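Read-outs throughout are calculated quantities, based only on the coordinates presented, and are distinct from any laboratory measurement. What you see is a predicted model; the values in this text were computed from it and never measured. For neighbour counting, all protein chains shown are included, and Cβ atoms are generated from backbone atoms with ideal geometry for every residue, glycine included.
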Amino acid sequence: MTNLKISNTLTRTKELFKPIDSKNITMYACGPTVYDSPHVGNARSLVIFDLLFRVLKKLYGEKNVTYVRNITDIDDKIIDIAKEKKLQIDQVTTNITKEFHLACNLLNCLKPTFEPKATEHVNEMIKMTESLIKKGFAYVNEDHVYFAISTYKNYGKLSNKKPNDLKAGKRVEISNLKKNPLDFVLWKPSEENDPGWNSPWGRGRPGWHLECSVMSEKYLGKIFDIHGGGLDLIFPHHENEIAQTCCNNSNEKMANYWVHNGFLNMGKEKMSKSLGNIISINSAIEEYNGQVVRLALLSSHYRQPLDWNKDLLEQQKKTLNKWYSLYQDQIYLEKSNDCFDYLLDDLNTPGYISKLHELYNDASKGDENKKNSFNNACRLIGIFNENEIKWNKYKKKSVKLTEKSIMVKINERLVAREKGDFELADKIRNELDQEGVLIEDKKNKTEWKYK
Ligand code: AMP
Ligand code: ZN
């Protein structure tokens, strides 16, 4: 047994992780709805569950963890965007899926074991809907099929709310075809030109929640270890997944541990497409670098909110510039390191990162074994995936000043110093520092280099 502790939304406590089968750890994380470029809010979820995947692999063995992250490629939002942009549905989903995969690579996220697409599992979704109707948990009304939440006694347990306190509205469709406003759609009819599949209830398409119930069960079984996603998915998405799966299988549970990451905010508001305050992952990476973005996403504890701003990114860039001075291409793998305990404690990444700073300071005194340990510890959280040459290229590219303008600034500083205006001289030095240029005063001249 290992001593991994993880916060479980279902019990609202930090629990010792006990797998169902230590030879096959099973984890499902809700993947993207591929209708628009993924943003750094989505990236937070991606990186956090990638980290958990890495930790589980380290604890239970490379081959003993099955991680499923789905792709939602059928959804009203996709249909709306395709209409708006006058594109075919699969053009939208193929392009955005490609973009998503590129972002995953640049963020150094490992490939999940399975990445099922909703459109490839519609038959199983029809079967589950039929079964739920037969067992009395769902009803048909005008070609729609709804799940009746009144049939499930534990509805609201995950979000810790009584059904009366939960409200239909955002992401819970309001419709007079429902017996209860919180009943949710399992199947709905499609307009003639919209994507649809033949079913006992006419041509239509599945509801979003049903997709994850079907795909998780297919790849992980009726009860699995961990189910993850962002905080916004607790209600209604995960609540509804639990209701469908538990009712259909007559089980008390769908997954043992429900893990949710906090929001990534921009100016104190959740980054989201609907608020319009988004930065796409790929544009953040273009401006900075995948590793800078990854380290920024790991800089605060996954359950806490994280504010996305320039200072945060500049800070990570500075840190990585420093750390890269100890980068080693060839390392020997170590079984454990001094900081791993932080990750075992509910993925305490801020603790891990501060320990990395200590390891860096210690290793920079020259001990080769310590350098090796430091390199191991960086790689464990998915940092140092680019070699030094690539990093230096990025570093140079990210310096916005040309060599000529650097020289102009250095001369301005010399003049200021000659005049005794040390305040101005310091200001110029700081400005250059901010731009990634380090200056050093030698006997008769000032030298500079990229940081
Ligand atoms: P979606 O494509 O909207 O279903 O989101 C994919 C994943 O990203 C889900 O796990 C969401 O909870 C998560 N997510 C979306 N926005 C944010 C945000 N601003 N902060 C953290 N996670 C988010
Ligand atoms: Zn899901």
Q. At what distance in nm do the modelled label points of Asn193 and Leu177 sit from each other, each positioned 7 Å from its Cα along Cα→Cβ?
A. 2.1 nm
Q.
When a/c reaches 1.5 or more, the comparison of a/b and b/c decides; with that in mind, is the stretch 149-235 rounded, prolate or oblate per its Cα gyration tensor?
A. oblate
**Q.** Descending Cα extents along the principal axes, the stretch 399-450, whole Å
**A.** 29, 21, 15
Q: Name the long-range amide H neighbours of Leu186: under 5 Å, sequence gap of 5 or more, or other chain; modelled H, no Pro or chain starts.
A: Val145, Tyr146, Phe147
Q | Unpaired by the 4.7 Å Cβ criterion, cysteines found in the chain | A | Cys30, Cys212, Cys246, Cys247, Cys339, Cys378
Q: Using only the Cα atoms, work out Rg/Rh for the stretch 43-165, with Rh taken as the Kirkwood radius, to two decimals.
A: 1.05
Q) Rounded to a whole number, what is D in µm²/s for the stretch 298-379 from Stokes-Einstein with the Kirkwood radius over alpha-carbon pairs (10 °C, 1.306 mPa s)? A) 117 µm²/s
**Q.** Calculated from backbone phi, Karplus (6.51, -1.76, 1.60) coupling profile of the stretch 201-212 in Hz, x at Gly/Pro
**A.** 10, x, 6, x, 8, x, x, 4, 4, 4, 4, 6
Q. By the scheme Lys and Arg +1, Asp and Glu -1, what is the net charge of all other residues having a beta-carbon under 14 Å from that of Asp362?
A. +1
Q. Cα atoms only, the stretch 5-261: Rg and Dmax in Å?
A. 17.9, 51
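Sorted by average packing, counted as other Cβ atoms within 10 angstrom per residue and highest first, what order do 274-287, 345-358 take? Could you put the intermediate results ahead of the total?
Values: 274-287: 16.0, 345-358: 17.7.
For the peptides 274-287, 345-358, the packing ranking is 345-358, 274-287.
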Q: Report ³J(HN,Hα) in whole Hz for each residue of the stretch 244-256, in order, from the Karplus equation J = 6.51 cos²θ - 1.76 cosθ + 1.60 where θ = phi - 60°; Gly and Pro get x.
A: 4, 5, 5, 5, 5, 9, 6, 10, 7, 9, 10, 9, 7
Q) Under a Cβ-Cβ cut-off of 15 Å, what is the net charge of the residues other than Glu142 that fall near it, where Lys and Arg count +1 and Asp and Glu count -1? A) 0
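If contacts are Cα pairs under 8 angstrom and at least 6 residues apart, what is the relative contact order of the stretch 76-180 in percent?
Details: 44 pairs, mean separation 13.2, N = 105.
For the stretch 76-180, the relative contact order is 13 percent.
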Q | Largest-first principal axis extents, alpha carbons of the chain, Å | A | 88, 53, 37
Q. Where does each of 328-341, 378-391 land if you order them by average Cβ count within 10 Å, highest first?
A. 378-391, 328-341
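Which entries of Lys117/Lys153; Lys77/Lys127; Lys134/Lys222; Lys111/Lys370 have Cα-Cα distances beyond 21 Å here?
Working: Lys117/Lys153 31 Å; Lys77/Lys127 25 Å; Lys134/Lys222 19 Å; Lys111/Lys370 30 Å.
Going by Cα-Cα distance, Lys117/Lys153; Lys77/Lys127; Lys111/Lys370 fall outside the 21 Å limit.
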Q) Given the rule -39500 (n - 2.57) for each run of at least 4 DSSP H residues, summed and divided by the residues of the chain, what is its mean residue ellipticity at 222 nm, to the nearest 500 deg cm²/dmol? A) -13000 deg cm²/dmol
Q) Which value, in debye to the nearest 20, describes the size of the charge dipole of the chain about its Cα centre when Lys and Arg Cβ atoms bear +1, Asp and Glu Cβ atoms bear -1, and nothing else is charged? A) 560 debye
Q | Fraction in percent of alpha-carbon pairs per bin - 10 Å, the stretch 26-114 | A | 17, 44, 27, 10, 2
Q.
Out of all DSSP beta bridges in the chain, what portion is antiparallel? Express it as a percent rounded to 5.
A. 55 percent
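So for the chain, averaging the separation of alpha carbon pairs under 8 Å that are six or more residues apart and normalising by length, what relative contact order in percent results? Don't skip to the end; give the middle numbers.
Details: 662 pairs, mean separation 72.3, N = 451.
Dividing the mean separation by the residue count of the chain yields 16 percent.
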